[in-house]
Amino acid sequence: MEALFMPPGLMLILVFTGWLVKKRYSKTGRSLIVIGLAQLILLSMPLVSNSLIQQYETQSALTTEQIENTTAEAIVILGGGHYFNAPEYLQDSVSTRALERLRYGVHLYRITQLPVLVAGGSVYSSRIAESETMKNFLETDCKVKVRWTETKSRTTYENAFETEKILREEKISDILLVTQAWHMPRAKEAFEQHGFTVTAAPVGFHTESDQPFILGLIPSTSGLHTTGLLWREYIARFWYRLVKY
(Lines give C-alpha, C1' and ligand atoms only; values in the text may rest on other atoms or scores of the structure.)
Protein backbone atom coordinates (compact mmCIF):
# COMPACT_ATOMS: atom_id res chain seq x y z
CA MET A 1 0.00 0.00 0.00
CA GLU A 2 2.84 2.42 0.85
CA ALA A 3 4.22 2.05 -2.70
CA LEU A 4 1.06 3.64 -4.11
CA PHE A 5 1.87 6.92 -2.36
CA MET A 6 5.59 6.89 -3.17
CA PRO A 7 7.48 7.66 -6.37
CA PRO A 8 7.12 6.21 -8.96
CA GLY A 9 3.82 4.63 -7.85
CA LEU A 10 1.98 7.92 -7.39
CA MET A 11 3.07 9.22 -10.80
CA LEU A 12 2.17 5.95 -12.53
CA ILE A 13 -1.29 6.11 -10.98
CA LEU A 14 -1.76 9.55 -12.56
CA VAL A 15 -0.66 8.19 -15.93
CA PHE A 16 -2.88 5.11 -15.67
CA THR A 17 -5.87 7.19 -14.54
CA GLY A 18 -5.34 9.55 -17.46
CA TRP A 19 -5.22 6.63 -19.88
CA LEU A 20 -8.48 5.23 -18.46
CA VAL A 21 -10.44 8.48 -18.72
CA LYS A 22 -8.99 9.97 -21.90
CA LYS A 23 -11.60 8.42 -24.21
CA ARG A 24 -14.45 10.12 -22.36
CA TYR A 25 -12.56 13.13 -21.02
CA SER A 26 -9.86 13.66 -23.60
CA LYS A 27 -8.38 16.88 -22.25
CA THR A 28 -8.38 15.72 -18.62
CA GLY A 29 -6.89 12.37 -19.55
CA ARG A 30 -4.07 13.88 -21.58
CA SER A 31 -3.35 16.37 -18.79
CA LEU A 32 -3.06 13.61 -16.19
CA ILE A 33 -0.72 11.61 -18.41
CA VAL A 34 1.51 14.62 -19.08
CA ILE A 35 1.57 15.65 -15.41
CA GLY A 36 2.40 12.12 -14.25
CA LEU A 37 5.21 11.65 -16.77
CA ALA A 38 6.58 15.16 -16.19
CA GLN A 39 6.72 14.61 -12.43
CA LEU A 40 8.38 11.23 -12.90
CA ILE A 41 11.06 12.68 -15.17
CA LEU A 42 11.63 15.83 -13.10
CA LEU A 43 11.88 14.06 -9.74
CA SER A 44 14.24 11.47 -11.21
CA MET A 45 16.80 14.14 -12.11
CA PRO A 46 19.67 14.06 -9.57
CA LEU A 47 19.98 17.86 -9.79
CA VAL A 48 16.37 18.25 -8.68
CA SER A 49 16.20 15.45 -6.11
CA ASN A 50 19.48 16.42 -4.44
CA SER A 51 18.45 20.07 -4.27
CA LEU A 52 15.13 19.19 -2.65
CA ILE A 53 16.60 16.87 -0.03
CA GLN A 54 19.45 19.27 0.79
CA GLN A 55 16.86 21.89 1.71
CA TYR A 56 15.22 19.34 4.02
CA GLU A 57 18.48 18.48 5.81
CA THR A 58 18.17 21.48 8.10
CA GLN A 59 20.25 20.25 11.05
CA SER A 60 23.91 21.18 10.61
CA ALA A 61 26.75 18.77 11.26
CA LEU A 62 28.29 19.12 14.71
CA THR A 63 31.64 20.79 15.09
CA THR A 64 34.37 19.26 17.24
CA GLU A 65 33.88 22.08 19.74
CA GLN A 66 30.15 21.36 20.00
CA ILE A 67 30.83 17.68 20.58
CA GLU A 68 33.47 18.36 23.23
CA ASN A 69 31.19 20.80 25.09
CA THR A 70 27.98 18.83 24.82
CA THR A 71 25.65 18.62 27.80
CA ALA A 72 24.31 15.26 26.64
CA GLU A 73 24.45 12.28 28.98
CA ALA A 74 24.19 9.51 26.40
CA ILE A 75 24.62 8.74 22.70
CA VAL A 76 21.56 7.21 21.01
CA ILE A 77 22.16 5.56 17.63
CA LEU A 78 19.07 4.67 15.60
CA GLY A 79 18.98 1.54 13.48
CA GLY A 80 19.18 1.89 9.72
CA GLY A 81 18.17 -1.55 8.51
CA HIS A 82 19.52 -5.07 8.29
CA TYR A 83 21.79 -6.58 5.67
CA PHE A 84 19.91 -9.86 5.64
CA ASN A 85 21.74 -13.17 5.22
CA ALA A 86 25.08 -11.57 4.41
CA PRO A 87 26.91 -14.41 2.61
CA GLU A 88 30.35 -13.11 3.50
CA TYR A 89 29.51 -13.20 7.22
CA LEU A 90 27.11 -16.18 7.14
CA GLN A 91 24.61 -14.19 9.21
CA ASP A 92 22.63 -10.95 9.27
CA SER A 93 24.77 -7.83 9.40
CA VAL A 94 24.26 -4.06 9.50
CA SER A 95 23.16 -2.22 6.37
CA THR A 96 25.24 0.45 4.66
CA ARG A 97 22.97 3.11 6.13
CA ALA A 98 23.30 1.67 9.65
CA LEU A 99 27.05 1.46 9.20
CA GLU A 100 27.19 5.20 8.52
CA ARG A 101 25.35 5.87 11.77
CA LEU A 102 27.49 3.46 13.77
CA ARG A 103 30.72 4.89 12.43
CA TYR A 104 29.69 8.38 13.48
CA GLY A 105 28.49 7.07 16.82
CA VAL A 106 31.98 5.66 17.40
CA HIS A 107 33.45 9.04 16.49
CA LEU A 108 31.22 10.74 19.08
CA TYR A 109 32.01 8.11 21.70
CA ARG A 110 35.76 8.51 21.31
CA ILE A 111 35.49 12.25 21.87
CA THR A 112 32.91 12.26 24.68
CA GLN A 113 33.20 8.81 26.32
CA LEU A 114 29.43 8.95 26.84
CA PRO A 115 27.49 5.69 27.27
CA VAL A 116 25.89 4.32 24.11
CA LEU A 117 22.35 3.11 23.43
CA VAL A 118 21.48 1.39 20.15
CA ALA A 119 17.82 1.33 19.11
CA GLY A 120 15.95 -0.94 16.73
CA GLY A 121 13.86 -4.06 16.89
CA SER A 122 12.81 -6.47 14.17
CA VAL A 123 9.91 -5.98 11.80
CA TYR A 124 9.72 -9.73 11.40
CA SER A 125 9.75 -11.59 14.70
CA SER A 126 11.90 -14.42 13.38
CA ARG A 127 14.84 -12.06 12.90
CA ILE A 128 17.33 -10.97 15.52
CA ALA A 129 16.66 -7.40 16.63
CA GLU A 130 18.52 -4.83 14.60
CA SER A 131 20.04 -3.30 17.73
CA GLU A 132 21.58 -6.66 18.64
CA THR A 133 23.36 -6.73 15.29
CA MET A 134 24.48 -3.14 15.85
CA LYS A 135 25.73 -3.98 19.32
CA ASN A 136 27.69 -6.95 18.00
CA PHE A 137 29.35 -4.74 15.37
CA LEU A 138 30.26 -2.00 17.84
CA GLU A 139 31.66 -4.32 20.49
CA THR A 140 33.40 -6.78 18.16
CA ASP A 141 34.66 -4.58 15.34
CA CYS A 142 34.98 -1.18 17.03
CA LYS A 143 35.70 -2.19 20.64
CA VAL A 144 32.99 0.19 21.86
CA LYS A 145 30.92 -0.98 24.81
CA VAL A 146 27.15 -0.65 24.39
CA ARG A 147 25.39 0.21 27.66
CA TRP A 148 21.78 -0.25 26.53
CA THR A 149 20.10 -2.19 23.73
CA GLU A 150 16.55 -1.24 22.75
CA THR A 151 15.09 -4.25 20.91
CA LYS A 152 11.32 -3.67 20.66
CA SER A 153 10.82 -0.76 18.25
CA ARG A 154 9.87 -1.04 14.58
CA THR A 155 9.44 2.66 13.74
CA THR A 156 11.08 5.97 14.58
CA TYR A 157 8.21 6.83 16.90
CA GLU A 158 8.68 3.51 18.72
CA ASN A 159 12.45 4.17 18.86
CA ALA A 160 11.69 7.24 20.95
CA PHE A 161 8.98 5.57 23.06
CA GLU A 162 11.08 2.53 23.96
CA THR A 163 14.28 4.51 24.49
CA GLU A 164 12.49 6.83 26.89
CA LYS A 165 11.42 3.83 29.00
CA ILE A 166 15.03 2.63 29.22
CA LEU A 167 16.71 5.96 29.95
CA ARG A 168 14.00 7.13 32.35
CA GLU A 169 15.31 4.58 34.86
CA GLU A 170 18.78 6.14 34.52
CA LYS A 171 17.31 9.65 34.85
CA ILE A 172 18.78 10.57 31.47
CA SER A 173 16.90 12.97 29.21
CA ASP A 174 19.69 14.87 27.43
CA ILE A 175 21.02 12.92 24.45
CA LEU A 176 23.12 13.04 21.32
CA LEU A 177 20.90 11.54 18.62
CA VAL A 178 22.55 9.88 15.62
CA THR A 179 20.73 9.24 12.36
CA GLN A 180 20.81 10.29 8.69
CA ALA A 181 20.52 14.02 8.01
CA TRP A 182 17.32 13.50 5.98
CA HIS A 183 15.80 11.42 8.80
CA MET A 184 16.81 13.79 11.60
CA PRO A 185 13.84 16.23 11.47
CA ARG A 186 11.36 13.41 12.09
CA ALA A 187 13.57 11.60 14.61
CA LYS A 188 14.37 14.73 16.61
CA GLU A 189 10.70 15.69 16.71
CA ALA A 190 9.70 12.22 17.94
CA PHE A 191 12.32 12.16 20.71
CA GLU A 192 11.47 15.66 21.85
CA GLN A 193 7.81 14.67 22.06
CA HIS A 194 8.92 11.96 24.51
CA GLY A 195 10.64 14.46 26.80
CA PHE A 196 14.21 14.35 25.55
CA THR A 197 16.53 17.29 25.12
CA VAL A 198 18.06 16.41 21.76
CA THR A 199 21.36 17.47 20.30
CA ALA A 200 21.06 16.42 16.67
CA ALA A 201 24.11 14.52 15.41
CA PRO A 202 23.23 13.99 11.74
CA VAL A 203 25.31 11.95 9.31
CA GLY A 204 25.16 11.07 5.63
CA PHE A 205 24.39 14.47 4.14
CA HIS A 206 23.58 14.83 0.45
CA THR A 207 26.58 16.99 -0.38
CA GLU A 208 27.39 18.58 -3.74
CA SER A 209 28.50 16.15 -6.43
CA ASP A 210 31.51 16.67 -8.68
CA GLN A 211 29.73 15.16 -11.68
CA PRO A 212 29.23 17.33 -14.78
CA PHE A 213 26.13 19.53 -14.70
CA ILE A 214 24.59 17.77 -17.68
CA LEU A 215 24.57 14.42 -15.84
CA GLY A 216 22.46 15.97 -13.11
CA LEU A 217 19.72 16.55 -15.67
CA ILE A 218 19.55 12.93 -16.80
CA PRO A 219 16.81 10.97 -14.96
CA SER A 220 18.19 8.08 -12.94
CA THR A 221 17.10 5.47 -10.42
CA SER A 222 19.35 7.07 -7.81
CA GLY A 223 17.60 10.40 -8.30
CA LEU A 224 14.21 8.75 -7.91
CA HIS A 225 15.44 6.93 -4.80
CA THR A 226 16.50 10.23 -3.23
CA THR A 227 13.11 11.74 -3.99
CA GLY A 228 11.48 8.68 -2.44
CA LEU A 229 13.40 9.19 0.80
CA LEU A 230 12.19 12.77 1.04
CA TRP A 231 8.62 11.89 0.09
CA ARG A 232 8.49 9.20 2.76
CA GLU A 233 9.68 11.64 5.42
CA TYR A 234 6.96 14.13 4.52
CA ILE A 235 4.28 11.45 4.73
CA ALA A 236 5.62 9.99 7.99
CA ARG A 237 5.86 13.38 9.72
CA PHE A 238 2.34 14.23 8.61
CA TRP A 239 1.10 10.87 9.94
CA TYR A 240 2.87 11.30 13.28
CA ARG A 241 1.38 14.73 13.79
CA LEU A 242 -2.06 13.48 12.80
CA VAL A 243 -2.13 10.33 14.90
CA LYS A 244 0.74 10.22 17.42
CA TYR A 245 1.11 13.73 18.85
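From Glu170, Glu192, Glu208, which residue is assigned by TED's automatic domain parsing to the domain that holds Arg147, farther than 19 Å from Gly80 by Cβ and in a loop (DSSP other than H, G, I, E, B)?
The unique qualifying residue is Glu170.
Which condition from (1) buried (at least 16 other Cβ atoms within 10 Å of the Cβ); (2) in contact with a helix residue (DSSP H, G or I) (Cβ under 6 Å, 6 or more places away or on another chain) is the one that Thr17 breaks?
If we test Thr17 against (1) buried (at least 16 other Cβ atoms within 10 Å of the Cβ); (2) in contact with a helix residue (DSSP H, G or I) (Cβ under 6 Å, 6 or more places away or on another chain), just (1) comes out false.
Considering Pro185, Pro212, Pro202, which residue is surrounded by fewer than 21 Cβ atoms within 10 Å (Cβ to Cβ) and within 13 Å of the chain's Cα centre (by Cα)?
Sole residue among the options that is surrounded by fewer than 21 Cβ atoms within 10 Å (Cβ to Cβ) and within 13 Å of the chain's Cα centre (by Cα): Pro185.
Checking Ile214 against (1) assigned to a helix (DSSP H, G or I); (2) of a type outside the set (Lys, Arg); (3) in contact with a Leu (Cβ under 9 Å, 6 or more places away or on another chain); (4) at pLDDT below 95, which test does it fail?
(3)
Go through the range 56-97 and give me each residue that's in contact (Cβ under 8 Å) with a residue 40 or more places away in the chain, assigned to a loop (DSSP other than H, G, I, E, B) and either within 13 Å of Thr133 (Cα to Cα) or among the charged types (D, E, K, R) (or both).
Glu57, Glu73, Gly79, Gly80, Gly81
Since Asn50 meets every condition but one in (1) in contact with a helix residue (DSSP H, G or I) (Cβ under 7 Å, 6 or more places away or on another chain); (2) in a loop (DSSP other than H, G, I, E, B); (3) farther than 26 Å from Glu158 by Cα, which condition does it not meet?
(2)
How about the range 84-107: which of its residues are in contact with a helix residue (DSSP H, G or I) (Cβ under 9 Å, 6 or more places away or on another chain), surrounded by fewer than 22 Cβ atoms within 10 Å (Cβ to Cβ) and at pLDDT 95 or above?
Leu99, Val106, His107
The values are calculated or read from the model by the stated rules, or taken from the named source; none is laboratory data. Predicted model only: the values in this text are computed from it and were never measured. Positions of Cβ are backbone-derived with ideal geometry, glycine not excepted, and every protein chain shown enters the neighbour counts.
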